[in-house]
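Engineer: Below is one structure. I have some questions about it.
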Amino acid sequence: MPLTLTDLTPPDGFERLVLAQHPEAGLRALICLHSTALGPAAGGCRMWPYADDAAAILDVTRLARGMSYKNAMADLGLGGGKAVIIGDARRDKTPAMMRAFGEAVEALGGRYWTAEDVGISPEDMAHAAEVTRHAVGLSGASGDPSPWTAEGVFRCLRVGAAHVFGSDDLTGRRVLVQGLGHVGMSLAEKLAAAGARLIVTDIHQAALDDAAGRLGATICAPDQVFAQEMDIFAPCALGGVLNAQTVPALTARLVCGAANNQLASDDLTEALAARGITYLPDYVVNAGGIISVASEIHGKNDAWRLERLAGIAGRVAEMLDRAAANGQPPARMADAMVEAMLDRKRAA
């Protein structure tokens, strides 16, 4: 049976939600376009063994909306979209599956550009790129976006530290990095070099041993994260880690990390602010990866990437200043800044 694309009913305010299936290749994927007001939608593809289609739809729609906001704040001339492949990346993924996914992307006619995310590598994207020109983040081109994501988070974290602690000097600051994948480990390396007192957690013991031996990090069990004393919390694993149970226990005064959708619900923005915790919205600070990918889409060089990395740190500073002046949590101010950009574009 060949590839089939089935349009599902998207949530209000979303442009399109597509179910892509290719049984012979083992592909069952969702592609969501949130907005193309600022340009073609761009956002990575992740592979995850979701419990059911409802969980996958919830994830892909939240991620797609986040990409619209992320791309707008990073000034990339791109809209927001996302894809998820339903399955276990370690067991189910094949080159044929990725080529089938590439066919689905190509069938959207350039309205969506894809790249790697959780469970997907540059090599996987290369298989997709065999059948679509809208797959980016390839080796030999812009490559792995993880180092750019980590650099952007690190720069924004220092801006946040200056706001919260009065200095961007991280010497002796207790920073807990949750998740030591490509981005989390790169961020941990930067923090260690800056003199931070690292606490790390991950589900893979080899990564923990590496961070402890090479970076002098203290290891924390995954279920003990919110029992730790820390100054800064850097979530770099999956989303939803800040919820009704964990926010009251959090000891950090600053949250700045690479994970997408760190808040389990939007009302936690106010809960964090009420506890005197400054939360830097993930879609603002983790834009380094999509900046790298966008350089490939637009045919730009490293200077363009570095300019936009500096730009997101500058927008974090602006967001914090405006939030303080208006008595709003930074996340609400960031949303308002993005919505104003989108409204101006739609009205033009």
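Engineer: Under 5 Å between amide hydrogens, which residues at least 5 positions from Gly39 or on another chain qualify, with H placed 1.01 Å from N in the peptide plane?
Structural biologist: Those qualifying (amide H under 5 Å, at least 5 residues apart or on another chain) are Gly79.
Engineer: Quick one: pull the percentage of alpha-carbon pairs in the range 108-246 with a separation above 20 Å.
Structural biologist: 53
Engineer: Pull up all non-local amide H partners of Arg16: gap of 5 or more, or a different chain, and H-to-H distance under 5 Å with H placed in the peptide plane.
Structural biologist: Amide H to amide H, under 5 Å and 5 or more residues apart or across chains, Arg16 pairs with Leu33.
Engineer: While we're looking at this one, here's another question. In degrees between 0 and 90, to the nearest 10, how far off the longest principal axis of the chain does helix 288-298 point, with axes built from Cα atoms?
Structural biologist: 40
Engineer: Calculate the length of the line joining the C-alpha centroid of the range 288-348 to that of the range 2-73, in whole Å.
Structural biologist: Cα centroid to Cα centroid, the span is 23 Å.
Engineer: Could you give me the ³J(HN,Hα) list for the range 29-40, computed from phi with Karplus coefficients 6.51, -1.76, 1.60 and θ = phi - 60°, whole Hz, x at Gly and Pro?
Structural biologist: 3J(HN,Hα) across the range 29-40, in whole Hz: 9, 10, 10, 10, 9, 7, 8, 10, 4, 9, x, x.
Engineer: So, by mean Cβ neighbours within 10 angstrom, what's the order for 38-49, 150-161 with the highest one leading?
Structural biologist: Packing proxy ranking, top to bottom: 150-161, 38-49.
Engineer: Specify the angular offset, from 0 to 90 degrees and rounded to the nearest 10, of the alpha carbon long axis of helix 95-107 from the longest principal axis of the alpha carbons in the chain.
Structural biologist: Relative to the chain, helix 95-107 is tipped by roughly 80 degrees.
Engineer: Compare the peptides 71-84, 126-139, 236-249 by average per-residue count of other Cβ atoms within 10 angstrom and give them in order, highest first.
Structural biologist: Going from most to least packed, we get 71-84, 126-139, 236-249.
Engineer: Sticking with this one: So what are the ³J(HN,Hα) numbers for the range 185-200, from phi and the Karplus equation (6.51, -1.76, 1.60; θ = phi - 60°), rounded to whole Hz, Gly and Pro as x?
Structural biologist: 5, 4, 5, 4, 4, 5, 5, 4, 5, 8, x, 5, 8, 7, 10, 10
Engineer: For the chain, find the longest principal axis of its Cα atoms and tell me its angle to the long axis of helix 205-215, 0 to 90°, nearest 10.
Structural biologist: Between the helix axis and the principal axis of the chain, the angle is about 50 degrees.
Engineer: Now a separate question. Rank-order 288-294, 253-259, 202-208 by packing density, defined as the average count of other C-beta atoms within 10 Å over each peptide's residues, highest first.
Structural biologist: 288-294, 253-259, 202-208
Engineer: Tabulate in residue order the Karplus-calculated ³J(HN,Hα) for the range 314-322, using 6.51 cos²θ - 1.76 cosθ + 1.60 with θ = phi - 60°, rounded to whole Hz; enter x for Gly and Pro.
Structural biologist: Working through the residues one at a time gives x, 6, 4, 4, 4, 4, 5, 5, 5 Hz.
Every read-out reported here was derived from the displayed coordinates using simple, explicitly stated rules and does not represent laboratory data. Keep in mind it's a predicted model, so treat the numbers as computed, not measured. Please note: Cβ atoms are built from the backbone with ideal geometry, for glycine as well, and neighbour counts cover all protein chains shown.
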